[in-house]
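For reference, the structure is listed below as structure tokens.
The values are calculated or read from the model by the stated rules, or taken from the named source; none is laboratory data. This one's a predicted model, so the numbers in the text were calculated from it and none came from an experiment. Note that we place each Cβ from the backbone using ideal geometry, even for glycine, and neighbour counts take in every protein chain shown.
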Amino acid sequence: MRKVTSEVLSALQRLGDLGKIPEPEFLADPHKVGSAKYSLIVAIEGTLDLCNHVISKNGFRTPEDYADTFRVPEERGVFDAEFTGALSRWRGSETGWCIFTGRSTMQKFTGLS
């Protein structure tokens, strides 16, 4: 789990760095957009992996979907509602995945400006 946590934290750092780039410059550079897409995917998937680890290690109920993966630990008192809300914002659709369409989407899911 240390490796997954490290990967999530590194991805969030990259997203934070990319969030400091002026929007026109960011959107004009496909390498920066690609890096943001990849980092967002790594952060989301790693967070889901960590939540699933907590769920399975503690014998909690099986999540019904990706968003539920964040709610199950909250139900059992492992996460508080504010933390779960922050994680749930990352899910971009009912299936739990988003289509990255530019800077506004990155802001929506990461809170980065």
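Within region 4-58, the set of residues being under 25 Å from R76 (Cα atoms) and among the basic types (K, R) comprises just one member, K57.
Among the residues making up region 55-74, those that are among the charged types (D, E, K, R) and over 20 Å from the mean Cα position of the chain (by Cα) are K57, R61.
Report whether or not G34 is under 16 Å from V8 (Cβ atoms), modelled with pLDDT of 90 or more and in a helix (DSSP H, G or I). Steps first, please.
Details: under 16 Å from V8 (Cβ atoms): no; modelled with pLDDT of 90 or more: yes; in a helix (DSSP H, G or I): yes.
No: the conditions fail for G34.
Give me the residue from region 60-105 that is modelled with pLDDT of 85 or more and among the β-branched types (V, I, T) and, out of that set, nearest to A11 (Cα to Cα). Result: T69.
Can you tell me how many residues in region 53-75 are exposed (fewer than 14 other Cβ atoms within 10 Å of the Cβ) and of a type outside the set (G, A, S)? Residues meeting the conditions: 8. So if I check each of T110, T47, which one is buried (at least 18 other Cβ atoms within 10 Å of the Cβ), within 11 Å of the chain's Cα centre (by Cα) and modelled with pLDDT under 80? After applying the criteria, what remains is T110. Inside region 24-44, residues that are surrounded by 13 or more Cβ atoms within 10 Å (Cβ to Cβ) and among the acidic types (D, E) make up a count of 1.
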